[in-house]
Amino acid sequence: MMIQVAPSLLSADFLKLGQEVEFLNSKADIIHLDIMDGQFVPNLSFGFPVVEAVSRLAGIPLDVHLMIVQPGKYIERFAAAGASMISFHYEAALSSTPDLLKQIRSLGVKAGIAINPDCPVESIFPYLDRLDFVLVMSVFAGFGGQSFIPASLERIAAIRKALDGIGRKDVPIEVDGGIGPSNAASVVQAGASILVAGSSVFGAPDPAAAISAIRNSM
Ligand code: DX5
Ligand code: ZN
């Protein structure tokens with residue numbers, strides 16, 4: 001599967017957001033937008049006005065990662081704000097997971113389930129037949145700049161195997177947290193193909209080179 005790099009805007013310079021989006025338009029494949037509510041995670045990020053503004057300038061798909069309680073309340077507005085992909089956390093959704101996937105897809109948006117490192121991967125297996133991507137967290141959701149958790153590799157491989165096993169080889173696994181040029185190859189080897197990267201891109205002396213290094217890691 002083709003590797004796609006999805007830089008997380010959370011690590012960008014918000015004083016020059018327009019330039020950052022133009023940079024991503026020219027170098028990245030997807031723009032990853034982290035939405036935090038101070039409840040599901042102990043941190044706040046940004047909301048609709050920022051996503052709408054980014055959407056007006058973005059020439060590549062917007063991937064909205066909802067780290068919020070009651071994600072169903074906000075799905076429609078993030079779709080209207082320009083999201084092409086929306087993921088919500090399984091831990092925040094539980095039994096409403098199938099309804100949320102249906103809701104996202106009914107808006108013409110790709111639907112994904114995000115899963116934190118301490119949630120058994122088997123929890124999401126019942127839904128693999130009705131989603132468009134899986135977001136495997138390789139750090140605990142909440143903050144940029146954390147270190148990659150090595151056990152994520154087996155988790156990616158287990159989900160990849162389960163997807164392939166039901167004939168869904170085309171469904172991408174996105175991996176998020178602590179990804180950079182040094183571990184990109186290992187997550188791709190495990191079965192991921194959409195690589196989120198925040199600090200390793202925006203904190204690099206040459207962000208464009210960091211994106212290329214991640215994309216060409218295999
Ligand atoms: C963490 C977010 C990530 C984060 C990635 O809660 O979901 O998308 O911004 O940042 P890095 O790549 O720095 O771990
Ligand atoms: Zn994220």
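Descriptive notes on the structure:
- Residues that are open to solvent by less than 70 Å² (accessible area, probe 1.4 Å) and not in a strand (DSSP E or B) were ranked within the stretch 127-137; the one that is farthest from Asp170 (Cα to Cα) is Tyr127.
- The set of residues in the stretch 157-189 being touching a Ser or Thr at 6+ places or on another chain (Cβ under 8 Å) and among the hydrophobic types (A, V, I, L, M, F, W, C) consists of Ile173, Val175, Ile179, Ala184, Ala185, Val187, Val188.
- Every residue from the stretch 122-138 that is within 17 Å of the chain's Cα centre (by Cα) and free of Cβ contacts under 8 Å to residues at least 40 places away in the same chain: Ile124
- Residue check, Ile3 touching a helix residue (DSSP H, G or I) at 6+ places or on another chain (Cβ under 6 Å) and either surrounded by fewer than 21 Cβ atoms within 10 Å (Cβ to Cβ) or within 24 Å of Ala184 (Cβ to Cβ) (or both): yes
- Near pairs, Cβ below 7 angstrom, 6+ apart or cross-chain, from the stretch 189-218 (in contact (Cβ under 8 Å) with a residue 24 or more places away in the chain) to any residue that is within 15 Å of ligand 2 (Cβ to nearest atom) and of a type in the set (Asp, Glu): Ala192/Glu174; Ile194/Glu174; Val196/Glu174; Val196/Asp176
- Taken over the stretch 31-71, the criterion of being among the aliphatic types (A, V, I, L, M), touching a helix residue (DSSP H, G or I) at 6+ places or on another chain (Cβ under 9 Å) and touching a residue at least 60 places away in the same chain (Cβ under 8 Å) is satisfied by Met36, Met67.
- Across the stretch 175-210, the number of residues qualifying as within 13 Å of ligand 2 (Cβ to nearest atom) and of a type in the set (Gly, Ala, Ser) comes to 5.
Here is a yes/no grid of residues against (1) away from ligand 1 (no atom under 14 Å from the Cβ); (2) outside any strand (DSSP E or B):
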position: Ser87; (1), (2): no, no
position: Arg105; (1), (2): yes, yes
position: Gly108; (1), (2): yes, yes
position: Pro117; (1), (2): no, yes
position: Val139; (1), (2): no, yes
position: Ile149; (1), (2): no, yes
position: Val171; (1), (2): yes, yes
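- Considering residues of the stretch 183-213 that are among the polar types (S, T, N, Q) and touching a Gly at 6+ places or on another chain (Cβ under 6 Å) only, the residue most open to solvent (accessible area, probe 1.4 Å): Ser199
The values are calculated or read from the model by the stated rules, or taken from the named source; none is laboratory data. The structure presented is a predicted model; accordingly, all values stated were derived computationally and were not measured. A quick note on method: Cβ atoms are made from the backbone with ideal geometry, for glycine too, and the neighbour counts reach across all protein chains shown. Just so you know, the surface numbers come from the protein's heavy atoms only, side chains and all, with ligands and any DNA or RNA stripped out. Shrake-Rupley method; radii C 1.70, N 1.55, O 1.52, S 1.80 Å.
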